[in-house]
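Everything below concerns the one structure shown next.
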Amino acid sequence: MVDKQVIEEIKNNANIVEVIGDVISLQKAGRNYLGLCPFHGEKTPSFNVVEDKQFYHCFGCGRSGDVFKFIEEYQGVPFMEAVQILGQRVGIEVEKPLYSEQKAVSPHQALYDMHEDAAKFYHAILMTTTMGEEARNYLYQRGLTDEVLKHFRIGLAPPERNYLYQRLSGQYRDEDFLDSGLFYLSDANQFVDTFHNRIMFPLTNDQGKVIAFSGRIWQKTDSQTSKYKNSRSTAIFNKSYELYHMDRAKKSSGKASEIYLMEGFMDVIAAYRTGIENAVASMGTALSREHVEHLKRLTKKLVLVYDGDKAGQAATLKALDEIGDMSVQIVSMPDNLDPDEYLQKNGPEDLAYLLTKTRISPIEFYIHHYKPENSENLQAQIEFIEKIAPLIVQEKSITAQNSYIHILADSLASFDYAQIEQIVNESRQAQRQNRMEGISRPTPITMPVTKQLSAIMRAEAHLLYRMMESPLILNDYRLREDFAFDTPEFQVLYGLLGQYGNLPPEILAEQTEEVERAWYQVLNQDLPAEMSPQELSEVEMTRNKALLNQDNMRIKKKVQEASHVGDTDTALEELERLISQKRRME
């Protein structure tokens, strides 16, 4: 088990605003930070990050937690793995926990195990069976060697509809089979494999654990319509975050301090065959902001390599919008080819040269992409320059700006260098003016309204917050035999504070979601630093009054129910209790 002091040191060094800010865009809102929740779809930001108390809370879906909890939920990993990830981030070495320890704390361990078993099974079918021989020969014809097949753990899903299920049946619970995305229930209520008769590409997370698959058809006679079939989203797989080959790419990217971003699995494999190991691809989906934030954690520079056809060019444009201010270069694939097709046609040396020696800047890409087909049309030329000029202004290098202006002047019949330079300068002035107006009229940020706690819970959260702050207050209450929290989750937290003096992250991670949520409700109390002499007694009095009111409501309900069924004796008895309690409250 990792030392508690190490966990605390990691937490103290991993600022939650920076960690979450790597994944979502956060804006300062008063003392806190606000953004769109990564755990549920929303258009109005309701995800708050509280820097001084180092926790987050979403007012939309109710998710709360500290920096460890965020990594757990966002990446679908157990607590100890979250500790390792953050330890690596802040430069604190963490001993890898034993498998048994990991398994005990991982809520999704069965899904990880099942995917690993499936990957081994598919790979063995491809590499060692008569069934896989034809598929293996197909891959050999495409230039893949046994070394490549083993490196990427490529496999084969048999054509039978429940071959994998029969293999794993009895090792996992039915709910795990359904949650995995590897199976579905037929109309006859039988488990059916999601993938059959497809070449299988396993996808791993940053730690190298198999979390999903993509299956590709390989026989011309295959009646399945889609070329690729991908795993659906699960508790361990977020397709908008994960990237194919990322765990291997991040190990080799340090040598080149860059990562190639490609469209497909076969493109990544093609790059690997040329000796380029730091290539990744999105998992059958367009590049998302989450993908970009994932990449930013591991590299400062991207090399964008999308297909040369129209769809690939459109994907490049969208990717450049998502990438934003990150350093990026682009490889333009010729003749409408993708990297795999280019490799098949020209060989590995030519592809390696293309990927390493023919890169262009985003502005060069925009110039080539937006250049009017009719270069003699004056209006088309004007629109083209006006579209490119603001992009040139954003280039920091004056030398590069001059070069781009020369490229534009050389490609347009009606404009010379001086005319284009004037348009660029006007664009620069307009951008400067817009920035000044933006500073003078800041956009207000609306804070969401906190969901109301009951009067009892508010008072008890208040008391627990003061106990958390002061060991003396906690001890005073622990010595009282007449005190207990009415809210079950607060009572659990009260016991944990008494046992540990505080609430270590590793202990909190072992509690139920309800207890964790209650803890962050306590932390969310906005109380003054100084405590008045009568504060605790007044809060306790408020709580006790609310408890009596709650009890009165229960008694009233009993009176009504007894009266409704004609039980006069019970109704009178409960009514007497109600009158007695009201007198005590006066």
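The values are calculated or read from the model by the stated rules, or taken from the named source; none is laboratory data. Since the structure is predicted, the reported quantities are computational estimates derived from the model, not experimental observations. All Cβ positions, even for glycine, are placed from backbone atoms using ideal geometry, and neighbour counts span all protein chains on display.
Some observations on this one:
- Residue within the stretch 438-453 that is modelled with pLDDT of 85 or more and not β-branched (Val, Ile, Thr) present: no
- Top-ranked residue in the stretch 232-256 [being of a type in the set (S, T, N, Q) and under 17 Å from the mean Cα position of the chain (by Cα); ranked as surrounded by the most Cβ atoms within 10 Å (Cβ to Cβ)]: Asn238
- Whichever residue in the stretch 149-194 is polar (S, T, N, Q) and outside any helix (DSSP H, G or I) and, among such residues, is farthest from Ala270 (Cα to Cα): Asn189
- For the stretch 493-537, the candidate set comprises residues that are among the charged types (D, E, K, R), out of contact with any Ser or Thr (no Cβ under 8 Å at 6 or more places or on another chain) and in a helix (DSSP H, G or I); within that set, the residue that is farthest from Val6 (Cα to Cα) is Glu535.
- Evaluated against (1) among the hydroxyl-bearing types (Ser, Thr, Tyr); (2) in contact with a Pro (Cβ under 8 Å, 6 or more places away or on another chain); (3) within 26 Å of Glu395 (Cα to Cα), Thr316 falls short on exactly one condition, (2).
- Tally, over the stretch 134-148, of residues that are among the charged types (D, E, K, R) and under 33 Å from the mean Cα position of the chain (by Cα): 1
- Check on Phe213, surrounded by 21 or more Cβ atoms within 10 Å (Cβ to Cβ), modelled with pLDDT of 95 or more and closer than 15 Å to Tyr163 by Cα: no
- Screening Asn544 with (1) polar (S, T, N, Q); (2) touching a residue at least 24 places away in the same chain (Cβ under 8 Å); (3) assigned to a helix (DSSP H, G or I) gives one miss only, at (2).
Residues checked against (1) hydroxyl-bearing (Ser, Thr, Tyr); (2) surrounded by fewer than 18 Cβ atoms within 10 Å (Cβ to Cβ); (3) in contact (Cβ under 8 Å) with a residue 40 or more places away in the chain:
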position: Leu182; (1), (2), (3): no, no, yes
position: Asp193; (1), (2), (3): no, no, no
position: Met200; (1), (2), (3): no, no, yes
position: Thr204; (1), (2), (3): yes, no, yes
position: Gln207; (1), (2), (3): no, yes, yes
position: Asp222; (1), (2), (3): no, yes, no
position: Ser226; (1), (2), (3): yes, yes, no
position: Lys229; (1), (2), (3): no, no, no
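- All of Asp340, Asp335, Asp325 fail the test of being closer than 30 Å to Leu139 by Cβ, modelled with pLDDT under 90 and either assigned by TED's automatic domain parsing to the domain that holds Ser257 or not charged (D, E, K, R) (or both), apart from Asp335.
- Number of the exception - Ile259 against (1) within 26 Å of Val77 (Cα to Cα); (2) surrounded by fewer than 22 Cβ atoms within 10 Å (Cβ to Cβ): (2)
- Restricting the stretch 272-304 to residues that are over 21 Å from Val148 (Cα atoms) and in a strand (DSSP E or B), the residue that is modelled with the lowest pLDDT: Lys301
- In the stretch 60-81, the residues that are of a type outside the set (Gly, Ala, Ser), farther than 22 Å from Lys239 by Cα and in a loop (DSSP other than H, G, I, E, B): Asp66
- The stretch 282-310, residues that are under 21 Å from Leu337 (Cβ atoms) and either out of contact with any Asp or Glu (no Cβ under 9 Å at 6 or more places or on another chain) or surrounded by 14 or more Cβ atoms within 10 Å (Cβ to Cβ) (or both): Ser282, Gly284, Leu287, Leu302, Val303, Leu304, Val305, Tyr306, Asp307, Gly308, Asp309, Lys310
- Entry remark, the stretch 458-470: residues being more than 13 Å from Leu536 (Cβ to Cβ) and buried (at least 20 other Cβ atoms within 10 Å of the Cβ) number 2 in total.
- Residue count for the stretch 469-492, restricted to those that are in a loop (DSSP other than H, G, I, E, B) and within 17 Å of Asn544 (Cβ to Cβ): 8
- For Ala484, the conditions (1) among the small types (Gly, Ala, Ser); (2) within 37 Å of the chain's Cα centre (by Cα); (3) over 23 Å from Val6 (Cα atoms) are fulfilled apart from (2).
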